[in-house]
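Single-structure report; data block below.
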Amino acid sequence: MSTVEQQLDDLKAQITSELPSDISVSSVKYEGPELVVYTRDPKKFAQQGDLIRQLASKLRKRITVRPDPSVLSRPKQAREEIMDVIPDEAGVTDLDFHADTGEVVIEAEKPGMVIGRHGSTLREITKNVGWTPEVVRTPPIESSTVSNVRSFLKQERDERRDILEKVGRQIHREEMSDDEYVRITTLGCCREVGRASFILSTPETRILIDCGDKPGAEGEVPYLHAPEALGAGPQTIDAVVLTHAHLDHSALIPLLFKYGYDGPIYCTEPTRDLMGLLTLDYLDVAAKEGRTPPYESEQVREAIKHTIPLEYGDVTDIAPDVKLTFHNAGHILGSAVSHFHIGDGLYNVAFSGDIHYEDTRLFNGATNDFPRVETLVMESTYGGRNDYQTDQEDSEENLKRVINETYEKGGKVVIPAFAVGRSQEIMLVLEEAMREGEIPSMPVHLDGMIWEATAIHTTYPEYLRDDLRDRIFHEDENPFLAEEFNHIDAGEEERQEVADGDSCIILSTSGMVTGGPIMSWLSHIGPDPDSTLVFVGYQAQGTLGRRIQNGWDEIPTSEVGAMGNGGGRGTLSLNMDVETVDGFSGHADRAGLENFVKTMNPRPEKVLCVHGDERSTQDLSSALYHNYDMRTFAPKNLETFRFL
Ligand SMILES: [Zn+2]
């Protein structure tokens with residue numbers, strides 16, 4: 001008998017002895033990080049509201065209770081009883097029964113009303129029908145990504161359970177080594193922005209954190225084949241942790257499955273959906289540009305199938321000696337500061353991922369409060385000595401001024417923006433400014449994936465800033481549903497119409513003008529001196545956005561040609577005004593980065609400054625060393641640090 005079997009047998013005996021004698025346990029299983037307890041008495045279990053919580057804290061495990069399939073009432077009958085318990089205002093849109101696990105997935109417009117106070121309605125459901133309810137939100141704006149991911153996972157349910165059981169056994173395997181060390185190897189994004197990737201290793205475990213591409217430098221991928229990483233074989237990686245969905249962190253996650261990795265990916269639920277959206281688009285863009293993409297959509301599906309979503313604050317076993325907890329990073333939807341607790345009190349490492357320290361319109365500021373942290377791996381995008389950003393209020397004033405001036409001239413405002421994050425931030429600014437009459441009401445056209453990304457935001461309001469979340473809960477106040485917003489969904493014809501029409505605002509991908517519909521907008525509107533191109537986000541070295549920002553106004557049509565306009569030789573004259581309104585970045589500026597460390601509780605002993613160009617990482621590293629008396633480093637790629 002394997003040790004995991006023994007462990008489960010012991011757990012079953014222990015749980016049985018903890019429970020009142022009239023509640024039976026038919027089996028216990030690991031599914032990923034969860035311990036699943038099957039019982040023939042689900043109703044009695046639910047009657048004792050606190051039982052699961054008590055068990056969880058006693059066993060120090062995440063526990064799910066499910067009915068033994070033999071005691072389930074028929075779905076038809078259960079459906080009626082469930083609908084009797086849930087208030088009508090909850091707006092249930094779907095009930096989906098899974099007899100193999102005794103779960104019923106309830107999709108509702110107002111999940112909170114299905115859950116009830118402290119889960120009271122959910123318990124009521126189990127008390128009445130025995131099934132274990134699980135609740136998901138019906139997206140207030142229809143999202144093809146969310147519905148595709150949900151139906152795909154439903155279709156792959158059996159295989160997914162096999163994956164989860166296998167992962168569960170891996171996590172709970174016996175520790176083999178009695179050596180102790182903690183190491184971090186940098187595989188990318190050191191003294192550069194892009195291709196984020198790290199290996200965190202102990203004698204027992206190896207974890208890959210992020211696996212991104214480098215914008216504007218296709219082919220520069222993380223050093224995945226280093227002996228520290230996949231060099232020792234893809235199966236030697238225990239887990240992949242994804243801090244957020246931006247492509248410079250996520251683009252090459254599916255590639256891991258092409259290389260033979262078949263373990264779990266941990267991220268938040270919105271990160272999973274956004275990763276699906278962005279990586280599929282990444283393949284699309286590569287195909288349009290005539291490049292051979294490094295993997296196919298099949299691998300994106302594999303990645304989604306292997307994802308184990310975690311919520312902020314869930315302390316989760318991901319290996320015999322590693323617990324992972326995500327915290328809000330304030331950067332984009334679902335972005336997470338990833339905290340690793342290694343050994344039993346042995347060592348703690350936090351990876352900031354990308355962070356925004358102050359509150360924005362979209363998100364609460366990044367969390368920097370932890371039980372313990374010895375080492376922080378910290379982004380440094382704006383870590384340079386002079387990388388101070390205009391504060392948000394001034395930035396908003398600037399943007400409104402540019403819009404008003406352009407409107408007076410009868411021109412159009414074109415804003416290249418990342419689909420995820422800054423677009424929604426700008427949408428909120430525009431919605432309020434129009435509502436309050438600070439800028440004239442005019443159409444705001446959303447092109448590329450911005451609309452779809454916005455729909456995903458409204459699906460997960462619990463990840464948004466408190467007051468925004470509350471507004472989305474009340475449908476008539478959902479700012480993303482304002483009538484000025486128009487989804488460009490009819491392609492080139494619609495763009496031509498907009499270009500020929502009256503003043504308007506256009507928000508379009510890609511954010512660094514490296515492809516996508518923004519190229520088409522440049523060719524339509526670029527020659528118009530009355531219009532304005534406004535940069536609101538970071539423009540990396542080597543991107544067309546950066547070159548335009550630096551004054552390029554004759555763009556070879558081959559650069560714009562990706563959209564099929566012009567092509568061939570010749571140049572496009574960019575006569576429109578070019579403005580940069582900073583302060584909308586999803587990244588903390590130099591002050592924000594310093595404040596994140598300064599107010600961090602507890603303050604780390606060591607900081608690795610990564611994810612910034614050479615100057616930014618070195619400036620930040622030396623400032624933190626001088627101001628806060630900590631050991632700091634600005635590593636290069638492929639360095640390994642030993643911390644213990
Ligand atoms: Zn990012």
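The values are calculated or read from the model by the stated rules, or taken from the named source; none is laboratory data. The shown structure was predicted, so the numbers you read here are calculated from the model rather than taken from an experiment. We place every Cβ from the backbone using ideal geometry, glycine too, and count neighbours over all the protein chains shown. Calculation scope for accessible area: heavy atoms of the full protein, side chains included, ligands and nucleic acids excluded. Shrake-Rupley method; radii C 1.70, N 1.55, O 1.52, S 1.80 Å.
Data for the structure
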read-out: Spatial separation of Cα centroids for the range 207-226 and the range 440-518, in angstrom; value: 30 Å
read-out: Most to least packed among 405-413, 193-201, 82-90 [average Cβ atoms within 10 Å]; value: 193-201, 405-413, 82-90
read-out: Cα centroid separation, the range 344-391 to the range 93-134 (Å); value: 37 Å
read-out: Carbon/sulfur fraction of accessible area - the chain, other protein chains in place, 1.4 Å, %; value: 44 percent
read-out: Accessible area of the chain divided out per residue, in Å², using a probe of 1.4 angstrom; value: 40 Å²
read-out: 222 nm mean residue ellipticity, helices alone, for the chain (DSSP H n ≥ 4; -39,500 (n - 2.57); rounded to 500); value: -10500 deg cm²/dmol
read-out: DSSP-assigned coil residues among trypsin sites (Lys or Arg not before Pro) in the range 498-607, each with at most 10 further Cβ atoms within 10 Å; value: ARG569
read-out: Net charge contributed by nearby residues that have their C-beta within less than 11 Å of GLY516 (K/R +1, D/E -1); value: -3
read-out: For ILE63, distant residues with modelled amide H under 5 Å away; value: LEU35
read-out: Inter-label distance for ASP359 and PHE152, nm, one decimal - labels placed 7 Å from Cα along Cα-to-Cβ; value: 3.6 nm
read-out: Kyte-Doolittle mean at least 0.0 and Cα axial length at least 27 Å: DSSP H helices in the chain; value: 269-288
read-out: Solvent-accessible area of HIS225 with every protein chain in place, 1.4 Å probe, in Å² to the nearest 10; value: 120 Å²
read-out: 5 angstrom amide H check on GLU31, placed H, neighbours 5+ away; value: VAL36
read-out: Sequence of ASP629, ASP273, ASP466 when ordered by accessible area, the most exposed leading, probe 1.4 angstrom; value: ASP629, ASP466, ASP273
read-out: Dipole axis of the chain (+1 Lys, Arg; -1 Asp, Glu on Cβ), positive-most option in SER24, VAL498, MET83; value: SER24
read-out: The chain: proportion of alpha-carbon pairs further apart than 39 angstrom, %; value: 34 percent
read-out: Those GluC sites (Glu not before Pro) in the range 436-483 that DSSP places in a loop and that have at most 11 other beta carbons within 10 Å; value: GLU436, GLU483
read-out: Length added when fully stretched, GLU311-VAL4, from 0.36 nm per residue minus Cα-Cα; value: 107.9 nm
read-out: Taking only Cα atoms of the range 279-338, radius of gyration then Dmax in Å; value: 15.8, 45
read-out: Amide H contacts of GLU192 (H built 1.01 Å from N, under 5 Å, at least 5 apart or other chain); value: HIS611, GLY612
read-out: Net dipole in debye of the chain [+1 Lys, Arg Cβ; -1 Asp, Glu Cβ; about Cα centre; nearest 20]; value: 2060 debye
read-out: Distance from the range 18-75 to the range 524-552 (C-alpha centre basis), Å; value: 58 Å
